[in-house]
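Shown next, in structure tokens, is the structure this report addresses.
Bear in mind that the values in this text are calculations on the coordinates, not laboratory data. Predicted model, so just to flag it, every value in this text is computed and none were measured. Note that each Cβ is placed from the backbone with ideal geometry, even for glycine, and that neighbours are counted across all protein chains shown.
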Amino acid sequence: MRAVRFHRHGGPDVLQLDEVDVPEPGAGQVLIEAEAIGANAIDTVLRRGGSAWDRPLPGTLTGEVVGRIAALGPDTPPGVAVGQRVAALAEDAFAEYAAVDAAFLAPIPDSAAWGTGADSANLAEATMLPMTGPLAFRLLETANLPAGGTVLIHSAAGTVGHLAVQLARGYDLKTIIGTASSPARLDFIRSLGAEAVNLTDPDWPDQVRAIAPEGVDAVLDSVGGAVFDQGLELVKPLGTMLTYGAISTELPTIPAAALFGFKTVTGVSMMGWRGARPDTARADIAEVTRRWQTGDLRPVVHATHPLADVTKLHEALDARTAHGRLVAIP
Ligand SMILES: NC(=O)c1ccc[n+]([C@@H]2O[C@H](COP(=O)([O-])OP(=O)(O)OC[C@H]3O[C@@H](n4cnc5c(N)ncnc54)[C@H](OP(=O)(O)O)[C@@H]3O)[C@@H](O)[C@H]2O)c1
């Protein structure tokens, strides 16, 4: 099968399509024949190399894969069958087939088809059901948001971020504030119902304070570095800072004195949640899928690229211009 590999670190041009063996699904895994593959921004960091998360070469790209189950490994859960259309998180996702954990599949209704007509859903949208959607949902559920409260969502035009903005609208909040780095992305955030602040403005924290003079009840931070420190200062007493990534590659350190105002810092990871609360993690996938089917949650696909054009897809990821998600089609 064709699969994306990088044999050295660098820009998008290090990505290439290799011919490799179709993976054998291991215990508790299924093999999916991919129809759509959602890209994750962290892979730009892994591709460049030099971060705390470096992995051995040749590198693979992670992602959320939608497709039909082509084979079952040993010990898969009951009810999982060949031919079912599902979505799942995959470590080696940018390929024609992916071996994935069968315990956290998002079933995709058979009516799903290409296009966005009234009765059809888009398989590219469905890439957001197994991981990024549930992550956005769990971040907000963990944030202890009071009625009439305020939440600050960084990278709000991105995959996780735009879903979090939409889901935040269900929490009876006074204000949702999203950050991004370009005017077009700020407009996109406003179109989702949030106030928008440009993270490249040096005075961005003052702009947040102008919108929320008493501070914010929660920050969803996936940037890290100075942005994390500035966000923690914006958290109100009894508020929560949620850290779930460090796309800047600068992992935050937290001085205890910064928490004396009864502030809480919570680290959130999808794999951590699946390990700690597997049944609730599955319920989260079901809830996000339900909201997608009812139209309450509308995942936005910015563009699709043929798998062979993965270099272009990564150029777009690097450019930080997408509204929502970038998807590859094998
Ligand atoms: N904990 C978990 O289980 C988990 C799982 C999946 C993803 N994540 C994390 O969630 C975050 C969002 O992932 P995603 O795939 O949805 O990405 P994304 O939001 O689609 O893209 C990342 C965005 O981060 C913003 N950003 C801010 N500072 C940046 C910097 N120094 N370098 C690059 N980008 C920067 C950019 O938006 P602007 O330019 O508009 O600011 C960029 O587009 C990532 O940090 C990822 O690692 C965590």
Label the stretch 132-271 by shape, choosing from rounded, prolate and oblate, from the square roots a ≥ b ≥ c of the eigenvalues of the Cα gyration tensor; if a/c is under 1.5 it is rounded, and otherwise prolate applies when a/b is larger than b/c, oblate when it is not. rounded
Below 25 Å, Cα to Cα, which lysines can Lys174 reach? Residues fewer than 8 away in the same chain don't count. Lys236, Lys263
Cα gyration tensor category, rounded, prolate or oblate, for the stretch 117-182 with a/c compared to 1.5: prolate
In degrees rounded to 10, the 0-90 angle between helix 225-234 Cα long axis and the longest Cα principal axis of the chain is 50 degrees
Please arrange Ile42, Ile108 by how many other C-beta atoms lie within 10 Å of their C-beta, fewest to most. Ile42, Ile108
For the chain, the longest principal axis of the Cα atoms and the Cα long axis of helix 310-319 enclose an angle in degrees, to the nearest 10, of 0 degrees
Magnitude of the charge dipole, the stretch 132-271, Cβ model with Lys/Arg +1 and Asp/Glu -1, debye to 20: 320 debye
Rounded to the nearest Å, what's the spacing between the alpha carbon centres of the stretch 35-80 and the stretch 5-21? Just the number, please. 14 Å
Dipole magnitude of the chain about its Cα centre, charges +1 at Lys/Arg Cβ and -1 at Asp/Glu Cβ only, in debye to the nearest 20? 420 debye
Using alpha carbon centroids, what distance separates the stretch 132-189 and the stretch 306-329, in Å? 22 Å
Of all the C-alpha pairs in the chain, what % are more than 31 Å from each other? 30 percent
